[in-house]
Amino acid sequence: MRLLVTGGAGFIGSNFCHYLAGERPDWRVTVLDKLTYAGRRENLEELESGKGLRFIQGDICRPEDVAGAMEDCDAVVNFAAETHVDRSIQDSADFVRTDMEGVRVLLEEFGNHGGGTFLQVSTDEVYGSVEKGRSGEDDLLRPTSPYSASKAGGELLAMSYWHTHRTPVVVARSSNNYGPRQYPEKLIPLFLTNAMDGQRLPLYGDGMNRRDWLYVEDNCRALLLLLEEGRPGRVYNVGAGQELTNLEVTEAILEAVGAPRDLVSFVDDRPGHDRRYALDVSRVSEELGWRPEVGFQEGLRRTAQWYMENREWWEEIKSGRFREYYQRMYSDRLRRAEQREEKEL
Ligand code: NAD
Ligand code: DAU
């Protein structure tokens, strides 16, 4: 198999490439990645030193970049996206560009070069907030953030290529992933690394929003199954059924790092913050036999250990451009939280 992995230098994409190197060592993998702020070439360093992986820096929105990378590839897994909800609230332009237009360019080029499956990696956020019950694949899509709306647009476009052109598209809607190499803007790596440095943990709103936490390797196993055995024209939910409030996740992080509870600050909420996501995963488990294997405690233990052992990876990020982002996102919120805390004393 000759596989194109777009966005392979990011969190899930790089974990997927590492997973493939162990599971399908004879595959030839090409990674196409723009190396935005979230893409880290060092995530693939070990793999690039072998012969199994070719890296191309390029943009999925540029047909000429995609055509070159796709040459000789049988199948595609598209991870490339702008992925952080908070950033999409501040500026949605790159989200619409990459998460929709980028998918269109990939699909057009795949029509010319491909043959195997086009796996579009989507998200449980396309269902919007689900107060009760679980989302099934045929439920209405009600995305609420510019991020989730762009992801919904991308996957709908991909599915339209199946209906119109019979492009063999499979869509995966995964829940919140966590694990090694996740950029420290997301809840778990941000709080782990802040707690390791004795810095405040800015918890949004009342901390009672719920997410279903999926260890990244379990997701990678599901994605490989979908690539090889998923039915074209079909959508598959992938979730672990490990639903926790953000406060519960925060407490588990404090315990994993041995940090005190008074680091937690309740800060102004994310605008339009979805309360809960929850997936019905019976399709992927009944059709393909997939089940999550890593429980939250064990997954968090492995993740915390990775961040402890790889300080230079995240310290380099956090001491660079990330500082401006953090300042913009959190300084006013943390100041207001401190003022509230002082009043309460
Ligand atoms: P990430 O932000 O860590 O990585 C995204 C990667 O895409 C980066 O390497 C970046 O450089 C690359 N990229 C961005 N724009 C590009 C462009 N125009 N051309 C080429 N490359 C580009 O993201 P992630 O968390 O690993 O998510 C990967 C995919 O999985 C995304 O499609 C995301 O929507 C989806 N997803 C993520 C989660 C999660 O919890 N992280 C859950 C469900 C679905
Ligand atoms: O559900 C899948 C989605 O999970 C993916 O599609 C997205 O790409 C990924 O970023 C993630 O989105 P979330 O918005 O759920 O993840 P995030 O880590 O940003 O936030 C998780 C929860 O924690 C959410 O309820 C907001 C809250 N939060 C987040 C941050 C960064 C805080 O309370 N404080 C924070 O500082």
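Among the residues here, Y277 qualifies as within 14 Å of ligand 2 (Cβ to nearest atom), touching an Asp or Glu at 6+ places or on another chain (Cβ under 6 Å) and either touching a residue at least 60 places away in the same chain (Cβ under 8 Å) or of a type outside the set (A, V, I, L, M) (or both).
Tally the residues that are basic (K, R) and without any contact (Cβ under 8 Å) to a residue 40 or more places away in the chain, restricting the search to the stretch 312-327. Residues in the stretch 312-327 being basic (K, R) and without any contact (Cβ under 8 Å) to a residue 40 or more places away in the chain: 1 in total.
In the list N237, N177, which residue meets the criterion of being near ligand 2 (Cβ under 9 Å from one of its atoms) and either closer than 30 Å to E45 by Cα or within 21 Å of the chain's Cα centre (by Cα) (or both)? Every option except N177 fails the conditions. Among the residues in the stretch 33-55, are any crowded, with 16+ Cβ neighbours inside 10 Å, within 14 Å of the chain's Cα centre (by Cα) and assigned to a helix (DSSP H, G or I)? No: the stretch 33-55 contains no residue that is crowded, with 16+ Cβ neighbours inside 10 Å, within 14 Å of the chain's Cα centre (by Cα) and assigned to a helix (DSSP H, G or I). Can you confirm whether A259 is among the small types (G, A, S), in contact with a helix residue (DSSP H, G or I) (Cβ under 8 Å, 6 or more places away or on another chain), buried (at least 18 other Cβ atoms within 10 Å of the Cβ) and within 30 Å of Q199 (Cα to Cα)? Judged against the criteria, A259 is a match. Taking every residue in the stretch 127-143 that is without any contact (Cβ under 8 Å) to a residue 24 or more places away in the chain and pairing it with any residue that is aromatic (F, W, Y) and crowded, with 18+ Cβ neighbours inside 10 Å, at least 6 positions away or on another chain, the pairs with Cβ-Cβ distances below 8 Å are D139/Y127; L140/Y127; L141/Y127; R142/Y127; P143/Y127. Restricting attention to the stretch 29-52, the residues that are more than 27 Å from L190 (Cβ to Cβ) and free of Cβ contacts under 8 Å to residues at least 40 places away in the same chain total 6. The residues of the stretch 181-203 that are near ligand 2 (Cβ under 8 Å from one of its atoms), of a type outside the set (D, E) and either in contact with a strand residue (DSSP E or B) (Cβ under 6 Å, 6 or more places away or on another chain) or closer than 30 Å to L157 by Cβ (or both), listed by number, are K186, L187, I188, F191, L201, P202, L203.
Of the residues screened, S129 is one that is over 20 Å from T6 (Cα atoms), within 12 Å of ligand 2 (Cβ to nearest atom) and surrounded by fewer than 21 Cβ atoms within 10 Å (Cβ to Cβ).
When G116 is tested against (1) under 24 Å from F95 (Cα atoms); (2) at pLDDT below 95, exactly one condition is not met: (1).
Quick grid of which residues meet (1) over 19 Å from the mean Cα position of the chain (by Cα); (2) under 21 Å from L203 (Cα atoms); (3) within 16 Å of ligand 1 (Cβ to nearest atom):
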| position | (1), (2), (3) |
| --- | --- |
| F296 | no, yes, yes |
| L300 | no, yes, yes |
| A304 | no, yes, no |
| E309 | yes, no, no |
| W314 | no, yes, yes |
| R321 | yes, no, yes |
| E324 | yes, yes, no |
| R328 | yes, yes, no |
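Only residues that are of a type in the set (F, W, Y), more than 14 Å from ligand 1 (Cβ to nearest atom) and surrounded by 20 or more Cβ atoms within 10 Å (Cβ to Cβ) were counted in the stretch 16-32, giving 0.
Residues in the stretch 137-148: is at least one farther than 27 Å from L279 by Cα, surrounded by fewer than 24 Cβ atoms within 10 Å (Cβ to Cβ) and within 21 Å of the chain's Cα centre (by Cα)? Checked the stretch 137-148: no residue is farther than 27 Å from L279 by Cα, surrounded by fewer than 24 Cβ atoms within 10 Å (Cβ to Cβ) and within 21 Å of the chain's Cα centre (by Cα).
Suppose the filter is at pLDDT 95 or above and acidic (D, E); does E82 pass it? It is true that E82 is at pLDDT 95 or above and acidic (D, E). Look at the stretch 196-216: where a residue is farther than 15 Å from E185 by Cα and aliphatic (A, V, I, L, M) and a partner is within 16 Å of ligand 1 (Cβ to nearest atom) and in a strand (DSSP E or B), sitting 6+ places away or on another chain with Cβ atoms under 6 Å, you get L214/N177; V216/N177. Residues that are within 13 Å of ligand 1 (Cβ to nearest atom), of a type outside the set (V, I, T) and in contact (Cβ under 8 Å) with a residue 12 or more places away in the chain within the stretch 90-108 comprise D94, F95, R97, D99, M100, E101, G102, R104, L106, listed in sequence order.
Considering the stretch 165-180, and only residues there that are within 17 Å of G153 (Cβ to Cβ) and within 12 Å of ligand 1 (Cβ to nearest atom), the residue that is surrounded by the most Cβ atoms within 10 Å (Cβ to Cβ) turns out to be R173.
The values are calculated or read from the model by the stated rules, or taken from the named source; none is laboratory data. Here the structure is a predicted model, which is why all the values come from computation and not from measurement. Glycine gets a Cβ as well: all are built from the backbone with ideal geometry, and neighbour counts include every protein chain shown.
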